[in-house]
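One structure is given below, encoded as structure tokens.
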Amino acid sequence: MITVELLSVIRRWHLRDQMSIREIAKRTGLSRNTIKKYLRNDIVIPQYVGQGRTSKLTPYVDKLQQWLKTESNRGRKERRSVKQLYHDLVQLGYLGSYDRVVAYARRWRLHQQQLAGTVGRGAFIPLTFASGEAFQFDWSEDWAVIGHERVKLQIAHFKLAHSRAFYLRAYPLQTHEMLFDAHHHAFQCLGGIPKRGIYDNMRTAVDKVGRGKQRTVNARFAAMVSHYLFEAEFCNPASGWEKGQIEKNVQDARHRLWHQAPPFASLDALNDWLTERCTALWQQIQHPEFRNQTIATVWQSELPTLMPAPRPFDGFVECIKRVTPTCLVHFERNRYSVPASFANRHVSLRVYADHLVMVAEMAVIAEHKRIINRHHRSGVTCYQWQHYLSVLQRKPGALRNGAPFTTLPEAFKHLQTKLLTRVGGDREVVEVLSLVLHYDESLVLAAIEESLAAGAASKLNILNILRRMISPALPPLADTPHRLALIEEPIANAERYDGLREVRHAA
């Protein structure tokens, strides 16, 4: 087969160097008739006429066309793939290759698009947004070293659609409470709230996807949207280009941030670093539309069009839990203590991004820092020893080996060591511990430390010191003027009392 390069050499040898056709045929190995054909017709690019061979797919073209037309009328998730159509043709006796079927299906789709005047998925329309009009949101998964351990994190991405100012915050999970917390911090960093928020159909926001733009929105997500006063807009399924800015931001953040991220002591330290890096990058990145301005400059001009952020949304997820006989509430394989008076009862558990709140009888009864297990290990039990004091008053012997009391402050432990050597020391230690139910714990600790330092560790002495601490201070002495000074100092005389008494005679 002759190529363009070989044809160029043949033409140059014959027309410029006056080389004979015989010599050219000897050098190239081509026949003289072939060389004469190309030189006679003055052909610059070799052309080949097909021999009209029949493809192995030809007997099955009608069937394949029928299948392709049927599948095009079905939903995207119900359609058979080209590979499935190929296997069905094989069942009918097709002996050709899979690539031939793919090529035919591609040509058929392009022809259908031309007939209908439409385009495929590879064509898009550029979008533009007014100042303060919208922000875009998305989640991503990335890795960071926290506490000498490489952990997988869920990253919340926000981006103002006009100024392109972006914000990232890391969380261990993609749950409702994490989503609500991310919105609060994002609006604080971005300086306000646009009119619209553009999301994909994430489960923490959409319960059910309907026809077109119809969505059944989650009740808690709708409450957050109502609190921050913006309109939530959801993309069509599998249509990431409708929020293409944030999709690109997810990719850019990996080489701008995560590839350079140092190790961190905690998740809070990581989020502080992310906030600083995001605002620093605003100063460095050029705006894609306003070429002579940075993102920070355009963001400053967008700030007046943003609504000021109100107080934080109370973004908790509530569930009902039954308290165990050991005064514990189970959540995510961990256990958290509540006051003993609520044992064997139901309480409301409010789950926040970083802490848990237990509510009963319209009051907060306990609060704990939330523990999230990154590995499938046994859970952790979080005690607050104050929750068990009412039980301890009835069972003072449990103080020696009670699991909640292993976290007592050192002053309490030292007092316990001193008093347990006495008869009835258990009861006396429990009564001292119970003082925290009526007085501030720091004051009780100070009174215990003072009594221990004085070598008089007892309940009565601690109570005496505590009452002196909380009693009001004596008023300062009055500075009397000289004219009010006493001329004659009073003298104690008990006989004056007898002189004032009435004389009574015995009957």
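What's the magnitude of the charge dipole for the stretch 214-259 around its Cα centre, counting Lys and Arg as +1 and Asp and Glu as -1 at the beta-carbon? Answer in Debye, nearest 20.
180
So if each residue of separation counts as 0.36 nm, and I subtract the Cα-Cα distance between Ser20 and Tyr497, what length gain in nm does that give? Please list the in-between numbers first.
Working: separation 477, 0.36 × 477 = 171.72 nm, distance 16.01 nm.
Full-extension gain reported as 155.7 nm.
Give the lysines whose C-alpha is closer than 23 Å to that of Lys69, dropping any in the same chain fewer than 8 places away, or say none.
Lys56, Lys77, Lys83
Give me the percent relative contact order of the chain, please, defined on Cα pairs under 8 angstrom at least 6 residues apart.
That works out to 8 percent.
Please give the per residue accessible area of the stretch 111-268, computed with a probe of 1.4 Å over protein heavy atoms only, in Å².
Per residue, the stretch 111-268 has an accessible area of 49 Å².
Among (i) -0.38, -0.64, -1.02, -1.12; (ii) -0.62, -0.86, -1.12, -1.18; (iii) -0.28, -0.50, -0.91, -1.06, find the value of log10 I(q)/I(0) by the Debye sum over Cα atoms at q = 0.06, 0.08, 0.11, 0.12 Å⁻¹ that was calculated from the structure presented, and write down its label.
(ii)
Would you mind calculating the gained length between Leu486 and Val423 on full extension (0.36 nm times residue separation, minus the Cα-Cα distance), in nm to one decimal?
In short, 17.0 nm is gained.
List the trypsin sites (Lys or Arg not before Pro) within the stretch 190-249 that DSSP assigns to loop and that have no more than 14 neighbouring Cβ atoms inside 10 Å.
Passing sites in the stretch 190-249 are Arg203, Arg211, Lys213.
Please identify which residues in the stretch 392-433 have an amide N closer than 17 Å to a label point set 7 Å out from the Cα of Leu463, following the Cα→Cβ vector.
393, 424-433
Give the span of the stretch 426-507's Cα atoms along each principal axis, as three whole-Å numbers ordered largest to smallest.
60, 52, 25
Dipole size in debye (nearest 20) for the chain around its Cα centre, Lys and Arg Cβ +1, Asp and Glu Cβ -1?
Magnitude of the dipole: close to 4360 debye.
Filter the trypsin sites (Lys or Arg not before Pro) in the stretch 374-454 to those in DSSP coil with at most 14 other Cβ atoms within 10 Å of their Cβ, and list the result.
Counting only loop positions with at most 14 other Cβ atoms within 10 Å, the trypsin sites (Lys or Arg not before Pro) in the stretch 374-454 are Arg374, Arg377, Arg400, Arg422.
Counting only heavy atoms of the protein chains, get the accessible area per residue of the stretch 304-418 (1.4 Å probe) and round it to a whole Å² value. Please report the intermediate quantities before stating the final value.
Numbers: 6360 Å² over 115 residues.
About 55 Å² of surface per residue is accessible.
Given a cut-off of 29 Å, name the pairs among Lys243/Lys321; Lys63/Lys243; Lys152/Lys213; Lys321/Lys459; Lys395/Lys418; Lys248/Lys369 whose C-alpha atoms lie farther apart than that in the structure shown.
Lys243/Lys321; Lys63/Lys243; Lys152/Lys213; Lys321/Lys459; Lys248/Lys369
Would you compute, from DSSP H runs of 4+ residues alone, the mean residue ellipticity of the chain at 222 nm, taking -39500 (n - 2.57) per run and dividing by the full residue count, rounded to the nearest 500?
-11000 deg cm²/dmol
Using packing as a proxy for protection, rank 328-335, 35-42, 222-229, 131-138 so that the peptide with the highest average count of other Cβ atoms within 10 Å comes first.
Result, highest mean first: 131-138, 328-335, 222-229, 35-42.
The values are calculated or read from the model by the stated rules, or taken from the named source; none is laboratory data. Everything quoted here is computed from the prediction, not taken from an experiment. With ideal geometry, Cβ positions are generated from the backbone for all residues, glycine too; neighbour counts draw on all protein chains shown. For the accessible areas, the whole protein counts, side chains as well, though only heavy atoms, and no ligand, DNA or RNA atoms are used. Shrake-Rupley method; radii C 1.70, N 1.55, O 1.52, S 1.80 Å.
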